[in-house]
Amino acid sequence: MDTRRRIQFSAPGAVEVVTETAPSPGPNEVRVRTEYSAISPGTERLVYEGSVPDGLAADVSIDALEGEDLSYPVSYGYACVGTVVGRGEKVPDGWMGASVFSFQPHVSQFVAAPDALVRLPDAAASTDAVMIPSLETAVNLVMDGRPMIGETAVLFGQGVVGLLTGCLLADYPLDTLVGVEPMEDRRVQARDLGVSTVPSVSALPAGLKGEEAGGASEAVRADLVYELTGQPEVLNEAVRCTGFGGRLVVGSWYGTKRAPIDLGGHFHRSRMRVLSSQVSTIDPSLQGRWSKERRMSVVLDLLSEVQPGRLISDRFSVSEASSVYERLAGDASMLQPIFVYE
């Protein structure tokens, strides 16, 4: 009997590895053996901790999670890279041996229709490809922020998504690009990607702090601000750093946590725009020309240039899943862990 291993969140703070019969591909499906799956440190930490709304749909845009919600027990995750090792009779033989990416939970093998898979370029390294969701999110954040020549941009949070967003923004002819990140090792990585960094808001250049000077607001504040920390209390700092008519792009998901925001003097008169950015959809104003398929083609083209796999910090076997999530919940320094399947 062919079996597979699947990681399951059984209850808040509880993870188990389930061994079960592996599904067989239908006539129009292929079987994929997983090589790597990437953990989303922010989202999966919330699922592990139980900080997600009861009954919330897992992600209606991901076929493997269709019909699933975040009630326990739940298998969650969305970044698997592997090889096609079997096919149904209606699938062309050319799919055999293909390297593919799929938005799947953490599982050692799975079946899927070919059109639900992303066939990888020959030159793509598996460790880069497993980072596709984070790079796609960064592309989406840049598209939503619409950076312009000569602007000042500030990124709060230099986790994986923040680092990749900064890497992409570093190619724009901005006047200033600065990341706010308290962890020194992440600031070093950001600088290697072309982003100047400071450890806190208080270390930002004076004109970006949102402070009062001489009884009046300072003239210079950021044109474009990203909140990518996953920490609700940081949102208020991001508001204070956003200038008149500026854009504040919120890419964090706080789950059930609430963000205290001061919507007083500065916000009230600033005419800033606060934008929610989430990768499962395209900005409605762009949907006439852009599709998720077009955006994914951009991501695939960027893989070899950006090399997101260099941000992988930890590798674990599936059997270590319980201890991995326990560590993730208490260790904010873990940048990008992945599971390795043998």
Item to complete: Return a whole-number percent for the relative contact order of the chain, with Cα pairs under 8 Å and 6 or more residues apart as the contact set.
Response: 18 percent
Worksheet item: What do the square roots of 5 times the Cα gyration tensor eigenvalues come to for the chain, in whole Å, largest first, as semi-axes of the equivalent ellipsoid?
Response: 38, 21, 18
Fill in: Relative pair counts by distance (%), Cα atoms of segment 134-276, 5 Å bins
2, 11, 22, 24, 22, 12, 5, 1, 0
Worksheet item: In which sequence would ASP314, ASP185 go, from the one with the fewest C-beta neighbours within 10 Å to the one with the most?
Response: ASP185, ASP314
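Since every read-out is calculated from the coordinates, none of them should be taken as a lab result. This is a predicted model, so every value here is computed, not measured. Counting neighbours? That spans all protein chains shown, and the Cβs are built from the backbone with ideal geometry, glycine included.
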